[in-house]
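> Sharing a structure below in structure tokens format, with a few things to ask.
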Amino acid sequence: MKTYQEVKEKIKEDGQGNLHLEGKELRVNYLKEIASITGRNVISYYSSFLEESKGVSSEIDEDDLVGFINATEDIDTSKGLDLILHTPGGSVEASESIVKFLRLKFNDIRVIVPQAALSAGTLLALCADSILMSSASFLGPTEPQFFSGIPASSILKEFERAKKDITKDSKKEEYYKMRLEGYPVGFYDYVKNSISIVKGDLKEWLSSYMFKDISSGSKKDKTINKIINTLMNPKKSHNYHFSLKDCENMGLKVSNLEEDKYYLLYQKILYLHYCYIISFEAGKAGKLVEADNGSSSFIPAKER
């Protein structure tokens, strides 16, 4: 296999100027090679979130849907889709839009995670019929966050604790008023509803896609509930990483990319992953949505 450095040297040899532009041809070539191996359509959705120390944001948002529209023009959707994901997450609503669009296009979707699909990225991954991961791949908790990292369950607990303490001792009302006055009116219900929406999405998508072949009943419900409870467990920090083994243990339909039967595919996925990381290191892209049909959508990084 080529090393990261060898791929980087190839990008330098193949063009001039910005590495994003230099790497584009090589990335698309790898996407085409992956499609030739699998016989499926291939779309990659990559974020520069590992470069966010530069003060930019590259989370999932509504702008991204245009990239997916471009990537699915004039293709044979009956061949199914391999969706390669690398994202820290972002907007639940934007993830829902992408899922609804893709599931109307494709009857079969396999998600491939070379490194990380976290938070709303995990939510996006779980619209799949199956998932491919390696020993270097991770999913993350799907609990919504607010104010740059406060888990929804923690906010609910604070409101509920305030109500309980004030009921016991009215003198604490002023204390909690100061603590909670920074939250907007109706925020408690909004947070509670956000948790309900994510749980609802997970239940609907897992039931309709990954476990569609299992007839409704206690076994199917038990499997899906175990997955949801694991991913929404408030005892897991939002930065927790679920490994391939963790995903197997919670009951997801996940396969190991490093198995012999996937060797050639894994090799090309790894080279493609290196290309994206190298391009993000030098370029100004926040996200890239590209496909084996040659489509490439450049989404600039946003200032924090």
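The values are calculated or read from the model by the stated rules, or taken from the named source; none is laboratory data. Only a predicted model underlies this, so the values are computations on that prediction, with no experimental measurement involved. All Cβ positions, even for glycine, are placed from backbone atoms using ideal geometry, and neighbour counts span all protein chains on display. These area figures cover heavy atoms from the full protein model, side chains too; ligands, DNA and RNA do not enter into them. Shrake-Rupley method; radii C 1.70, N 1.55, O 1.52, S 1.80 Å.
> Considering only region 271-282, state which residues are buried (at least 21 other Cβ atoms within 10 Å of the Cβ), more than 17 Å from the chain's Cα centre (by Cα) and of a type outside the set (S, T, N, Q).
Tyr271, Leu272, Tyr274, Cys275, Ile278, Phe280
> Among the residues of region 106-155, write down those that are hydroxyl-bearing (Ser, Thr, Tyr) and more than 11 Å from Leu85 (Cβ to Cβ).
Across region 106-155, the qualifying residues are Ser119, Ser130, Ser134, Ser135, Thr142, Ser148, Ser153, Ser154.
> Here is a follow-up. Could you list, in sequence order, all residues of region 215-229 that are open to solvent by less than 90 Å² (accessible area, probe 1.4 Å), touching a helix residue (DSSP H, G or I) at 6+ places or on another chain (Cβ under 9 Å) and over 10 Å from Met250 (Cα atoms)?
Lys220, Asp221
> Can you list the strands (runs of 3 or more DSSP E) found entirely within region 227-304 that contain at least 2 residues being aliphatic (A, V, I, L, M) and within 25 Å of Arg40 (Cβ to Cβ)?
On the way: elements: 254-256, 285-291, 296-300.
Strands (runs of 3 or more DSSP E) meeting the threshold: 285-291.
> Moving on. Given the condition open to solvent by 60 Å² or more (accessible area, probe 1.4 Å) and polar (S, T, N, Q), answer yes or no: does some residue in region 188-195 qualify?
There is at least one residue in region 188-195 that is open to solvent by 60 Å² or more (accessible area, probe 1.4 Å) and polar (S, T, N, Q).
> Do any residues in region 254-276 that are within 21 Å of Val289 (Cβ to Cβ) have Cβ atoms under 6 Å from those of residues that are open to solvent by 50 Å² or more (accessible area, probe 1.4 Å) and among the hydroxyl-bearing types (Ser, Thr, Tyr), where the two are at least six apart or on different chains, and which pairs are they?
Note: pairs meeting the criteria are Tyr274/Tyr4.
> Could you check, for region 158-171, whether at least one of its residues is aliphatic (A, V, I, L, M) and farther than 24 Å from Ile109 by Cβ?
yes
> Quick check: is even one residue across region 126-144 small (Gly, Ala, Ser), crowded, with 19+ Cβ neighbours inside 10 Å and within 10 Å of the chain's Cα centre (by Cα)?
Among the residues of region 126-144, at least one is small (Gly, Ala, Ser), crowded, with 19+ Cβ neighbours inside 10 Å and within 10 Å of the chain's Cα centre (by Cα), which makes the answer yes.
> Now a separate question. Residues to consider are Glu52, Glu9; find the one that is at pLDDT below 75 and open to solvent by less than 40 Å² (accessible area, probe 1.4 Å).
Exactly one residue qualifies, and that residue is Glu52.
> Turning to a different aspect of this structure: Residues of region 247-264 being open to solvent by 50 Å² or more (accessible area, probe 1.4 Å), within 17 Å of Leu126 (Cα to Cα) and touching a helix residue (DSSP H, G or I) at 6+ places or on another chain (Cβ under 9 Å), which ones?
The answer is Asn249, Lys253.
> When you look at Leu81, is it free of Cβ contacts under 8 Å to residues at least 60 places away in the same chain, open to solvent by less than 20 Å² (accessible area, probe 1.4 Å) and within 9 Å of the chain's Cα centre (by Cα), yes or no?
no
> For Lys212, all conditions in the list (1) basic (Lys, Arg); (2) surrounded by fewer than 14 Cβ atoms within 10 Å (Cβ to Cβ); (3) more than 21 Å from Val99 (Cβ to Cβ) hold save one; what is the number of the exception?
The one condition Lys212 does not meet is (3).
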